[in-house]
Amino acid sequence: MPNHMRRTVLCATVAATLVAAPLVSVSTALANPAGTGLVISEAYLKGGSANQPFTNKFVELENPTDAPVSVDGWSIQYRAAANTGAPAVGTLAGTVPAHGSYLVQMGSNGSNGQALPTADAVTGLNPSGSAGTLVLSDRATALTLPAGAVTTGTPGVVDLLGYGTSNTFETAPATTGTANSVPDALTRAGTADTDSNAADFTLTSSVTPENSGGTGTTPTDPGTPTDPGTPTPAEQVTIAQLQGTGSASPYVGKRVTTEGVVTAVYATGGLNGYTIQTAGTGGALDLTTHTASDAVFVHSAATAGSVTIGDAVRLTGEVSEFNGLTELTVSSAAGLTKLPSDGVVQPVPATLTFPRTDAERESLESMVIAPQGDYTVADNYTTNQYGEVVLATGKERLLQPTEVARPGSPEAAAVAADNAARRIVLDDGASTNFLTAANQSIPVSWLTQGPVTVGAAATFSKPVVLDYRNDSWKFQPTTPITGATPAADLPASFSNVRTAAPEAVGGDLKLAGFNVLNYFPTTGDQLTGCTYYTDRDGDPVTVRGGCDARGAANADDLARQQVKIVKAINALGADVVSLEEIENSARFGKDRDAAVGTLVAALNAAAGQDTWAFVPSPAELPASEDVIRLALIYKKDRVAPVGASTILDDAAFSNARQPVADAFRPVGGDADDDFLVIANHFKSKGSGSGADADQGDGQGASNASRVAQAKALAAFSTTEQQKYGTDKVFMLGDFNAYSEEDPMVVLRDAGYTDLGPAKDSSEYSYVFSALSGSLDHVLASPAALATVTGVDIWNINSVESVGLEYSRYDYNVTDLYRDDVYRASDHDPILVGFDLADDETPTPAPGDGAAPAPGDGAAPAPGDGAAPTPGTGAGVTPGAPVESSLTGATRGSITAPASARAGETITVGVGSALAGQRVSVWLYSDPVLLGTAVVAADGTVRVTIPVGTTIGAHRLAVTADDGSLIGWTDIRIDPATGALAFTGAELTGGLAAALLLLAAGTGLVVARRRRAARTA
């Protein structure tokens, strides 16, 4: 929420930016068409599931060369499909023989199937059968991998297989989609590597593990059963005994018989089972004495369809731990006996606050729960894919530790521990992937029934089952749900925390930062080579790779993207907006400003008037630029640029977007009102090597680059302050660093205040992996800080499901897209209100065309916040030199433009020897004080020619603080044109009318009002 402050209260800047553009992919990967290196030849990922030939999963490596290859110190690494963090690592050792194989044994989904041949390496990896990334690495430590297509020569990567919906792959992921009960493996055709997982790997029903000794195993024909002999007698146990008091059951691998009451049934949706709970258990529990769960999940596709909630049953099966969940596997109908229901006391939901420790949660595993207390939505990123919503207990979101604590500190560790203690996932009772072609016709869970927004309160009206899957504790409904489930039948509902507009931030002017999510008017269909993400009909939606475009696939997709951005920017109410992730049109052979011009035209069309303009690119551009850039836009009737913009061309930004700066002046204001805006987009966290490798302290990769960029930015700000003659500076954009990370500390130590944490600390600009924090910031210099009246991070993007983006249009039978402001981007905009007017402003008398009162027209010196010294301000006029003293002998070395127009701000050269000294600049014939200022380090001051100055020849004289003449030079004042000096922006009607009145001899009355005090 925004805070309003008195003028004397210091304000802090707000930050907000994008880490990763989820749809951006790098061009190529690790092709080895010559067959000169090891490759992944087969990946069997369903071991142990029903009908599978082998108990364990495996990866097989192939050596196509004539010499053996040592894999000592190498590894197989696995990363889940949607993850961007460090992969899990399984180490390798030994040798792959020439033209031979190497077998890596991995985890299991259960006990079905026979043993693999003796493996060359055994790892604890347990990859998903449907989607993920496997990497053969010549390193034994976890790699830092970008999302998207992996670049050729990525350090540590020998071969890589992305499959299903994985975010990491070679060109395109291999196709999966069959159920875990379907025996198949991803198999490479020979050892050829064409650099495309989709092309190189196919699903085959022949699963052929082979180790380095050439030993393989042909699975037993399931149609020729062998005599099972006499089965081991089942041991009669209670469910609590089966569960035990530890993290795993003491009966793993044993046959048991137990009894209970069915409390949840998942016959459809992929879970293939149900839960049973001991009769009469549940209710109010004391977890200090309740140490073993009274319920268990029954994995049984054979019997799930024949039970209903409330049935009393006796079950016989084998106990196992499936990725941390205790299961009883009942493989046939013979293992189920229904018992009479007479006299059976039904279990009741346990009523308790969600426990903070795994040990306490284990004591409730698979039991029916009636959640008590407050729950808050923490993440919805996978809701449109898997129908799950991450919740946090309590009323607060889960936080990025480095948003509120220094990296590696005990405080950061405490935040991480609190996140783990409060995190719980609300699932939909199914394993449905709504993004696969087979499931896109099923209405997506939760989102179909209404918005699910991060920060919303979740209220439970029906019991749920405490489950453990995918390394997360989950609340499962007692039966599967989808988007077709009536809202009244859902176990939970969500409050609506959306806002139609940002909170009021006060001030006479407002500025904002806005990430426009790879806004590319150059669409994919205008280029060659582009690949696409497609909708459920196979129609392209966004560019996936293969070309320089990063946004919409075609004009229809661009229109859907653009309308959301336009509505959001117009609704902000800002007068100046910095834009991140906008197309650099020069990369496509167009004018560099073509894309920003297209967006401005759309903004104006929506506004119904010529409201917006963009700051043109400067003449001097960096030699090398990214395909995305930064831009500044502004409302023409509110402000105008002061001079041309400047791009920081510094080596620190060789892997990022170069900052762009310009100063602005309120329409009708003077040099005292100028403020400097610098737009930024630092290097992302997703990749880096060497000094930029992820240090494991929570700051991600490329932190060293971001620190260097912060230092370069601070120096650039100082230079630009001197250039533009103002110490009121706002640096804003996507810094790709959370508020307590090193780059932000560099800027804080340089004297800037981060307005978000200081003035709107309850809101954040980004959500990643269920953790909220601000990558986007607005930093204010001390002089700018003193003007700030309010700050609001407008949560319209990061808190909304990605399913609402234009980029996910028609991905599901439920049409989630709306042409509104919500999920216009993945970063939230930050709005800052500020008030440039002093408490009092000089008021020229009617009919008086004179310059502003002494001391009012000069720009403050960079970094100089001191009060005026006696005789040079505070309403006291410095003594003007006598005009007769302006002779050739006293001319000195003063420099200035040969000509200027009324209202134009000019730079006067005084000499670097006078840097730091206060001088006054006068305009003759009639001595008019243009301003008093401190000379900048480069020996210059900036002053403004007053509106109404007589056309013709004049002289500029500069005096020292003691009144002595330093020197003078000639200057010609030209007639005012229909444009503001240096800006190219047309004069607004009001300003043009004012100039006409002045020309007629009528003075402009500028009434300054005393500002009302503002309360915090």
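The values are calculated or read from the model by the stated rules, or taken from the named source; none is laboratory data. Computed from a predicted model, the values in this text were never measured in an experiment. Quick reminder, even Gly has a Cβ in these numbers, built from the backbone with ideal geometry, and neighbours come from all protein chains shown. When the accessible area is computed, the model is the full protein with side chains, heavy atoms only, and any ligands, DNA or RNA have been set aside. Shrake-Rupley method; radii C 1.70, N 1.55, O 1.52, S 1.80 Å.
Descriptive notes on the structure:
- Segment 72-193 shape via C-alpha gyration tensor axes, a/c threshold 1.5: rounded
- Cβ crowding within 10 Å averaged over residues, with 255-262, 670-677 ranked highest first: 670-677, 255-262
- Whole-percent carbon and sulfur share, accessible surface of segment 703-774, 1.4 Å: 52
- Rolling a 1.4 angstrom probe over the protein heavy atoms with all chains in place gives segment 99-224 an accessible area of 38 Å² per residue.
- Within the accessible area of segment 469-615 (1.4 Å probe), percent carbon and sulfur: 47
- Per-residue 3J(HN,Hα) values for segment 514-524, derived from phi via the Karplus relation 6.51 cos²θ - 1.76 cosθ + 1.60 with θ = phi - 60°, read 9, 8, 9, 6, 6, 6, 10, x, 7, 7, x Hz in sequence order (x marks Gly and Pro).
- Each residue of segment 267-274 was assigned a 3J(HN,Hα) from its phi angle through the Karplus curve 6.51 cos²θ - 1.76 cosθ + 1.60 (θ = phi - 60°); the sequence is 6, 10, x, x, 6, 6, x, 7 Hz, with glycine and proline shown as x.
- Taking label points 7 Å from Cα along the Cα-to-Cβ direction, Lys395 and Thr194 give a separation of 5.9 nm.
- The Cα atoms of segment 328-472 cover 60, 39, 29 Å along the three principal axes, with the biggest extent listed first.
- At R0 = 25 Å, FRET efficiency that the Cβ-Cβ distance of Ala715 and Ser912 yields, to 0.05: 0.90
- Ranked by the mean number of other Cβ atoms within 10 Å of their residues, highest first, the peptides 574-582, 238-246, 817-825 come out as 574-582, 817-825, 238-246.
- Working note: Cα gyration tensor of the chain, eigenvalues times five, square-rooted, sorted largest first, giving semi-axes of 66, 31, 23 Å.
- Each Lys and Arg Cβ is given +1 and each Asp and Glu Cβ -1; about its Cα centre, the chain then shows a dipole of about 1340 debye.
- Relative contact order %, the chain, counting alpha carbon pairs below 8 Å whose residues are six or more apart: 12
- Each residue of segment 127-133 is assigned a 3J(HN,Hα), and the resulting list reads x, 5, x, 10, 7, x, 9 Hz, derived from the Karplus form 6.51 cos²θ - 1.76 cosθ + 1.60 (θ = phi - 60°), x at Gly and Pro.
- Peptide packing: for 465-474, 383-392, 912-921, the average count of neighbouring Cβ atoms within 10 Å per residue gives the ranking 383-392, 465-474, 912-921, highest mean first.
- Probe 1.4 Å, protein heavy atoms only - accessible area per residue of segment 441-561 in square angstrom: 37
- The Ser769 and Asp342 beta-carbon pair, evaluated with R₀ = 51 Å, returns a calculated FRET efficiency of approximately 0.55.
- With every protein chain in place, segment 36-163: carbon and sulfur % of accessible area (1.4 Å): 51
- Listed residue pairs exceeding 31 Å between alpha carbons, taken from Lys564/Lys723; Lys474/Lys685; Lys567/Lys590; Lys635/Lys685: Lys564/Lys723; Lys635/Lys685
- Segment 503-636: relative contact order in percent, alpha carbon pairs under 8 Å with at least 6 residues between: 26
- Per-residue [θ]222 nm for the chain (sum of -39500 (n - 2.57) over DSSP H runs n ≥ 4, rounded to 500): -3000 deg cm²/dmol
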